[in-house]
Amino acid sequence: MNIKTLSEIQEEAANYITGGMSSSFRANFFTGLPMYATKAKGPRFTDCTGKEFIDFFMCHGAVILGHDRYEVQSALHKAIDKGYYAGFDDWPTVKLAKRICESIPAAERIRFVNSGTEGTLLALRLARGYTNRNMIIRMDGHYHGCQDYLFANNLASKIDASNNGSRRSKTIGRTAGVPEAVDSLVATVPWNNFEILEKVLHEEEGKIAGIIMNVIDYNNGVFLTTPEYLHFAQQQAKKYGIVLIFDEVLSGFKTGVSCGQGFYGVTPDLCVIGKALSNNVPLGVVAGKKKIMDRIMDPIDPVVSGGTFSGNQLGIAAGNASLDILMQEDFYKKFLARTNKFYASLKTIFDERGLPAFVQHLGAGFHIFLGTSEPINNYKDLNRVDRELTRQFFTICIENGLYFHTDFTISAAHDDSTLNEALEKLDRAIIKVKN
Ligand SMILES: Cc1ncc(COP(=O)(O)O)c(C=O)c1O
């Protein structure tokens, strides 16, 4: 078989894998084609046609330390050498749990799972089991994984755009296969809106088990909240006896080891982490208040949390190796100084070439909005973005060897010379798209 292009690979793969990809989110947002990669090292990967890219996707933001980081790779080898997994916890499991409890404010107790999705599912189950109530409040546009309760309204492209902020949002973007009964257990509200949150909590008093939100919304392009809003959600949750859940699967370790909750200084009742915790080796964590987590061990009516691969030793080994690096005293100081310098240079090249753009960023995550020079503060502001220009620009970047997908991430392996090379390529893409 003499396969040359990504389309040809997809065509061949589609004979066996539905759509030719293992995750429907693997199709590139700008080119429409799934990517196939054969090798990854540091800040780069090589696709199955042999083309090399500087990677700003970093596997959905999970590879905070760079691909194939030596310390993580060697921890994985050691885990395999020791017979890797008999289906039981080991001392490294306890060590990692202790370090998570020491670094993440919400973590009094934790449970390991295998993915972010599994984590948000368990967090909702815990909230329901703890409160004996069924309804969940979620934020319009926030993504929480591939799970039935939180599919609708799960991206900025699926928000209730007709909502002027005076009411709860309608269910948008329902997914085939999810019963309407499931959606009816979820009340969706616009994020950062104090009044609607308060109104819905009042209207549904006694029915709401949990409020879930992304504390930093990297999925849609680095949208932020305020400590005031998070404090308000915390107070309201307390007032109504509701469990406040922060989904930190993507925001975790992007600003520091205390994650988004440490950045904002507001501690939720439960949180979910994953991805960067283990530098992209499957692992997830639900962490939270002891009294809520203890429902898992209730002798009469426990909230069930379990699974064959929960706390798998590859994820645990990668988690410990990653934290060894992330917890180094000056890690974030140096890393975030480099990312911030890159964002400033990025803004300069757009300004110098006269292409209207806004670089929105926090910590290791960023986004480039084209067609506007003003901040994109909320999802409605996305209407100011020039979609066709965006598609053309990032398609050129990909042709030039810079890989952008949905959310954009810089890893610790993106050193100055890689970032300078990226800036040169971005500059060339700006010139090309302007012509
Ligand atoms: C905010 C957020 N929550 C949950 C998830 C689901 O995590 P996973 O893909 O590991 O199941 C993701 C994945 O992109 C995410 O970005």
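FYI, it's all coordinate maths here, none of it is from the lab. Being a predicted model, the structure only gives us computed values, none of them experimental. Positions of Cβ are backbone-derived with ideal geometry, glycine not excepted, and every protein chain shown enters the neighbour counts.
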Computed [θ] at 222 nm, deg cm²/dmol, the chain (DSSP H ≥ 4; -39,500 (n - 2.57); rounded to nearest 500):
-11500 deg cm²/dmol
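How large is the Kirkwood hydrodynamic radius of the chain, counting all unique pairs of alpha carbons, in Å? Before the final figure, lay out each step's value.
Working: mean 1/r = 0.0443 Å⁻¹.
Kirkwood radius, the chain: 22.6 Å.
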Mind ranking 88-98, 150-160, 57-67 by how tightly packed they are, going by the mean number of other C-beta atoms within 10 angstrom, highest first?
57-67, 150-160, 88-98
So, with points 7 Å from each Cα along the Cβ direction, the Tyr70-Cys101 label distance in nm works out to 3.4 nm
Cα-centred dipole magnitude for region 1-158, charges only on beta-carbon of K, R (+1) and D, E (-1), debye, nearest 20:
480 debye
So what J values fall out for region 118-131 if you push phi through Karplus, 6.51 cos²θ - 1.76 cosθ + 1.60 with θ = phi - 60°, rounded to Hz, Gly and Pro as x?
4, x, 5, 4, 5, 4, 5, 4, 5, 4, 5, x, 6, 9
Cα convex hull of region 70-326: how many Å³ per residue?
128 Å³
Among 28-37, 392-401, 295-304, how do they line up by average Cβ neighbours within 10 Å per residue, starting with the highest?
392-401, 28-37, 295-304
Using each residue's phi in region 229-243, evaluate 6.51 cos²θ - 1.76 cosθ + 1.60 at θ = phi - 60° and report the 3J(HN,Hα) Karplus result to the nearest Hz, with x for Gly and Pro.
5, 5, 4, 4, 4, 5, 5, 5, 4, 5, 4, 9, x, 10, 8
Computed FRET efficiency, Cβ-Cβ of Arg26 and Glu108, R0 45 Å: what is it to the nearest 0.05?
0.75
Once you place label points 7 Å from the Cα toward the Cβ at Asp416 and Lys290, how far apart are they in nm?
4.8 nm
Quote to one decimal, in nm, the extra length available between Asp89 and Arg387 on full extension: 0.36 nm per residue of separation minus the C-alpha distance between them.
102.4 nm
Using the Cα centre as the reference, give the magnitude of the dipole from point charges on the C-beta atoms of region 44-114 (Lys, Arg: +1; Asp, Glu: -1; all else neutral), rounded to the nearest 20 debye.
200 debye
What is the distance, in nm, between label points placed 7 Å from the Cα along the Cα-to-Cβ direction at His77 and at Lys51?
3.3 nm
Rounded FRET efficiency, nearest 0.05, which uses the C-beta distance separating Lys434 from Ser7 and R0 of 45 Å:
0.95
So what does the Cα-only Debye profile of region 322-427 read at q = 0.14, 0.22 Å⁻¹, as log10 I(q)/I(0), no solvent term?
-0.59, -1.29
To check my understanding: the extent here is largest minus smallest coordinate of the Cα atoms along each principal axis. What are those three numbers for region 198-334, in Å, largest first?
46, 40, 26
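In debye, nearest 20, what is the charge dipole magnitude of the chain about its Cα centre with +1 on Lys and Arg Cβ and -1 on Asp and Glu Cβ, if you could check?
The calculation lands at about 260 debye.
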Order by protection proxy (mean Cβ within 10 Å, highest first), peptides 175-188, 314-327:
314-327, 175-188
Tabulate in residue order the Karplus-calculated ³J(HN,Hα) for region 172-179, using 6.51 cos²θ - 1.76 cosθ + 1.60 with θ = phi - 60°, rounded to whole Hz; enter x for Gly and Pro.
10, x, 4, 9, 3, x, 9, x
Using the Cα atoms of region 1-76, I'd like the radius of gyration and the largest Cα-Cα distance, Dmax, both in angstrom.
13.7, 38
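Per 0.36 nm of contour for each residue apart, how much would the distance between Asp324 and Lys39 grow if the chain were fully extended, relative to their Cα-Cα spacing?
100.1 nm
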